[in-house]
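A.B. asks: Provided herewith is a single structure, encoded as structure tokens, for subsequent inquiry.
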Amino acid sequence: MAVRHHTLKANGIRQHYIDAGAGPVVVLLHGFPETNYAWRHQIPVLAERYRVIAPDLRGYGKSDKPATGYDKRTMAADLSALLDSLDIGPIALVGHDRGARVATRFTKDNPDRVKRLVVMDNVPTRIVAQSMNAHIAKSYWFFLFHQVLDLPEALIAGREDIWLRHFFTDWCYDPQTIRNNDFDAYVEAYKAPGAVRGAMADYRAAPEDVRQDEVDADIKIRCPTMSIWGEDFEAVGGSFDMAAVWRGMAENLRAEPIAQCGHLPQEEQPEIVNRLLVDFLAGWEGV
């Protein structure tokens with residue numbers, strides 16, 4: 001199975017994406033602190049049945065890292081322009097963390113284009129903001145720190161490995177899940193010029209993301225939706241009733257907590273995630 005790396009300019013930025021397999025299209029959107037490398041365990045399995053498109057989001061990986069455009073409606077427009085350029089119509093959409101935020105906004109803005117939606121270990125930004133208290137703030141310290149202007153970039157520069165090691169250790173059930181070549185791949189990605197700034201800009205868009213989400217908060221996602229989360233990540237499964245959160249977001253919800261798993265289900269428990277994705281997508285033929 002060939003995994004092809006491509007770039008094209010869409011919505012005003014150069015986007016890097018992986019293209020593998022053939023058939024109905026499944027789009028995979030990574031989160032923080034990752035790139036599309038996060039889907040290395042899923043792409044070969046899904047590409048046996050589907051055409052898989054896995055872009056690096058604006059500001060991440062090998063995609064452009066402009067100074068602006070990190071609100072989720074603009075990032076969703078990035079995906080829309082990418083799909084239009086590839087002449088792709090209906091999709092199944094899978095998003096983790098920040099990618100789940102983009103996927104949710106894309107689905108709400110393009111309800112006829114998304115036929116299946118999977119959100120992984122994500123509490124919508126609007127819900128986080130509404131729930132903020134001392135307990136939530138402790139778990140979401142990075143959410144607040146990353147919104148401080150300039151300081152994170154200054155402190156992280158030259159120490160990308162220390163910064164990333166903290167998250168991969170703290171956020172995984174097994175602290176050694178991301179190691180060796182996998183860890184090095186992420187460190188290299190975040191050492192690229194503008195990469196840390198791009199990730200920070202993603203978080204700094206939170207106020208605008210909340211404003212966008214409040215406008216259509218009462219409109220539920222109609223397509224079949226599956227929420228997957230790790231039971232052992234304090235900021236998500238440990239702090240929120242995830243089934244209730246996503247029942248408030250989607251009309252047709254399947255809730256799938258994963259035991260002995262933290263914030264990175266696709267990397268921590270790839271066999272379980274792959275089985276869930278294949279089962280959820282079964283019967284979908286691209287229309």
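A.B. asks: Out of all the residues in the range 79-88, is one or more part of a helix (DSSP H, G or I) and surrounded by 24 or more Cβ atoms within 10 Å (Cβ to Cβ)?
C.D. replies: yes
A.B. asks: Additional query: Looking at (1) under 16 Å from Lys65 (Cβ atoms); (2) assigned to a strand (DSSP E or B); (3) not aromatic (Phe, Trp, Tyr), which is the only condition Gly198 fails?
C.D. replies: (2)
A.B. asks: Could you tell me which numbered condition Val148 fails, if it satisfies all but one of (1) of a type in the set (A, V, I, L, M, F, W, C); (2) farther than 26 Å from Ala38 by Cα; (3) assigned to a helix (DSSP H, G or I)?
C.D. replies: The failed condition is (3).
A.B. asks: Take the range 45-78 and flag every residue that is among the basic types (Lys, Arg) and either in a helix (DSSP H, G or I) or over 18 Å from the mean Cα position of the chain (by Cα) (or both).
C.D. replies: Arg49, Arg51, Lys72, Arg73
A.B. asks: Out of curiosity, is Phe143 assigned to a helix (DSSP H, G or I), closer than 27 Å to Cys261 by Cα and at pLDDT below 95?
C.D. replies: Spelling it out, Phe143 is indeed assigned to a helix (DSSP H, G or I), closer than 27 Å to Cys261 by Cα and at pLDDT below 95.
A.B. asks: Another question about this same structure. Across the range 94-113, what is the number of residues that are within 18 Å of Leu276 (Cβ to Cβ) and either in a helix (DSSP H, G or I) or not acidic (Asp, Glu) (or both)?
C.D. replies: So the answer is 6.
Residue-wise test of (1) among the small types (Gly, Ala, Ser); (2) more than 16 Å from the chain's Cα centre (by Cα); (3) not in a helix (DSSP H, G or I).
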position	(1), (2), (3)
Arg116	no, no, yes
Asn122	no, no, yes
Ile136	no, yes, no
Leu155	no, yes, no
Asp161	no, yes, no
Leu164	no, yes, no
Pro175	no, yes, yes
Tyr190	no, yes, no
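A.B. asks: Filter the range 219-243 down to the residues that are among the small types (Gly, Ala, Ser) and out of contact with any strand residue (DSSP E or B) (no Cβ under 9 Å at 6 or more places or on another chain), then identify the one that is surrounded by the most Cβ atoms within 10 Å (Cβ to Cβ).
C.D. replies: Checked the range 219-243; the qualifying residue surrounded by the most Cβ atoms within 10 Å (Cβ to Cβ) is Ala235.
A.B. asks: Turning to a different aspect of this structure: Could you tell me which numbered condition Ile136 fails, if it satisfies all but one of (1) closer than 18 Å to Ala192 by Cβ; (2) in contact (Cβ under 8 Å) with a residue 60 or more places away in the chain?
C.D. replies: (1)
A.B. asks: So, in the range 257-273, of the ones that are surrounded by fewer than 17 Cβ atoms within 10 Å (Cβ to Cβ) and in a helix (DSSP H, G or I), which residue ends up nearest to the chain's Cα centre (by Cα)?
C.D. replies: Pro270
A.B. asks: Also, quick follow-up: Considering only residues that are in a loop (DSSP other than H, G, I, E, B) and either out of contact with any Asp or Glu (no Cβ under 6 Å at 6 or more places or on another chain) or aliphatic (A, V, I, L, M) (or both), which ones fall in the range 217-237?
C.D. replies: Selection gives Ala217, Asp218, Ile219, Cys223, Pro224, Glu231, Asp232, Phe233, Glu234, Ala235, Val236.
A.B. asks: Six or more apart or on different chains, Cβ atoms under 6 Å: show the pairs whose first residue is in the range 11-39 and on the phi > 0 side of the Ramachandran plot and whose second is aliphatic (A, V, I, L, M).
C.D. replies: Short answer, once both residue conditions are applied: Asn11/Ala77; Asn11/Ala81; Gly21/Ala47; Gly21/Val52.
The values are calculated or read from the model by the stated rules, or taken from the named source; none is laboratory data. Fair warning: this is a prediction, and the values are worked out from it, not measured in the lab. Glycine gets a Cβ as well: all are built from the backbone with ideal geometry, and neighbour counts include every protein chain shown.
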